[in-house]
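Accompanying notes for the structure given below.
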C-alpha cells in the first residue's frame, strides 16, 4: 500500500519566541531582512513580558522607533552615498531611508492596535488601556511622543497629522485614546469624582501632567473641554494656556503681545483662556455673594 505523502510543514520544527528578552535578541541581529523586522514588529506586544519592567521597556522601545515616522528626513543616512541605490524587497524597490520609514510607520500602527485602541467589552467600566497608563513612566513617554511643535498656524503634533480631520484610521485611534485619557484622568469634579477602579491611587500623579494634557488638547484642537473644568483649573494650567495663546513662530519668537491680539487672530488657546478667567471671576463673585447672604441671614436671625 502506497504511503500517503506527508504535509511539507511536518518536516519543519516549530520554534517560537518565548519572551520579550528573546524578541529583542532577534531584533539586534544585523543580518535580518526588512521583511523579518516588519514581522517582528507586528508581534512584539505578543512577546511575553515576564516582569512589569518588560512591558515598560516594550512601550518605550516601540515609541522610540515610531518617533518621527511621518517625516522622511528623519531616516536619511548622513552619508549621501549610502542612499544612492534602491534595495529590492518584498515591499518593492526602496531606498534605505524609505525602508527605515516603513518600519517606523509599522511601529506606530502596532502601537495604535495594541496599546491605544480600546478593545474592552461593552460592559466594561474601564478602557482596555486604563491599567497600563497609570504607570508614571509610561504616561510620561506617551505624552512626550504626542508633543507639539510651533507651526505657521499655531502648534502641531510631531507624530500626528494636523488638522485632526485629516488623520487616517490609526491616527484617529490615537487621538481618541488621548482625548478619553484626558477626560477620565482629569474629571470635571476634581479628586472627589468617582475614578476608575485601577486609578484610585493615581490622581496625584495625573495632576502633575495637567499642563502636558493642555498641550495635547491644543494639538487636538479640543481646548474647549477645559471650560467644564473652570473650577479646578490651577494657575500652572492658566500659565500654560497663556503661553500657548501668545504663541511662537517657527523661529521661536513670540507671535502676539496680548491675549486680545491673539484672540482676534483666531487663537483657540486665547479664546478659552479669556472665557475661563471670566467664568472663574463670576464663580468667585457668586461665592462672595453667597457668603454675604448667609452672613446676613444669620445676623438677622440672631437679632430676632
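The values are calculated or read from the model by the stated rules, or taken from the named source; none is laboratory data. Here the structure is a predicted model, which is why all the values come from computation and not from measurement. Reconstructed Cβ throughout: ideal geometry from the backbone, glycine too, with neighbour counts over all protein chains shown.
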- Hey, does the stretch 242-259 have a residue that's at negative phi, in a loop (DSSP other than H, G, I, E, B) and within 19 Å of the chain's Cα centre (by Cα)? no
- Note on the structure: Checking 257, 231 in turn, the sole residue that is without any contact (Cβ under 8 Å) to a residue 12 or more places away in the chain and surrounded by fewer than 17 Cβ atoms within 10 Å (Cβ to Cβ) turns out to be 257
- Query: Can you name the residue in the stretch 223-258 that is over 28 Å from residue 206 (Cα atoms) and in contact with a helix residue (DSSP H, G or I) (Cβ under 7 Å, 6 or more places away or on another chain) and is also modelled with the lowest pLDDT among such residues?
  - Reply: 254
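Table: residues versus (1) under 14 Å from residue 100 (Cα atoms); (2) free of Cβ contacts under 8 Å to residues at least 40 places away in the same chain; (3) under 21 Å from the mean Cα position of the chain (by Cα).
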| position | (1), (2), (3) |
| --- | --- |
| 16 | no, yes, no |
| 26 | no, yes, no |
| 35 | yes, no, no |
| 50 | no, yes, no |
| 55 | no, no, yes |
| 65 | yes, no, yes |
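To keep it simple, each residue is scored yes or no on (1) surrounded by fewer than 17 Cβ atoms within 10 Å (Cβ to Cβ); (2) over 20 Å from residue 114 (Cα atoms); (3) assigned by TED's automatic domain parsing to the domain that holds residue 159.
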| position | (1), (2), (3) |
| --- | --- |
| 6 | yes, yes, no |
| 25 | yes, yes, no |
| 36 | yes, no, no |
| 48 | yes, no, no |
| 58 | no, no, no |
| 82 | yes, yes, no |
| 85 | yes, yes, no |
- Residue that is farthest from the chain's Cα centre (by Cα) [pool: residues in the stretch 103-130 that are buried (at least 18 other Cβ atoms within 10 Å of the Cβ) and assigned to a loop (DSSP other than H, G, I, E, B)]: 127
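Being in a loop (DSSP other than H, G, I, E, B) and under 16 Å from residue 184 (Cα atoms) is the filter here; which residues of the stretch 200-229 pass it? Don't jump to the end; show me each part of the working.
Taking the stretch 200-229 as the starting set, the residues that turn out to be in a loop (DSSP other than H, G, I, E, B) are 200-202, 208-209, 221-222.
200, 201, 202, 208, 209, 222, listed by residue number.
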- Query: Of all residues in the stretch 114-144, how many are without any contact (Cβ under 8 Å) to a residue 60 or more places away in the chain and closer than 23 Å to residue 38 by Cβ?
  - Reply: 1
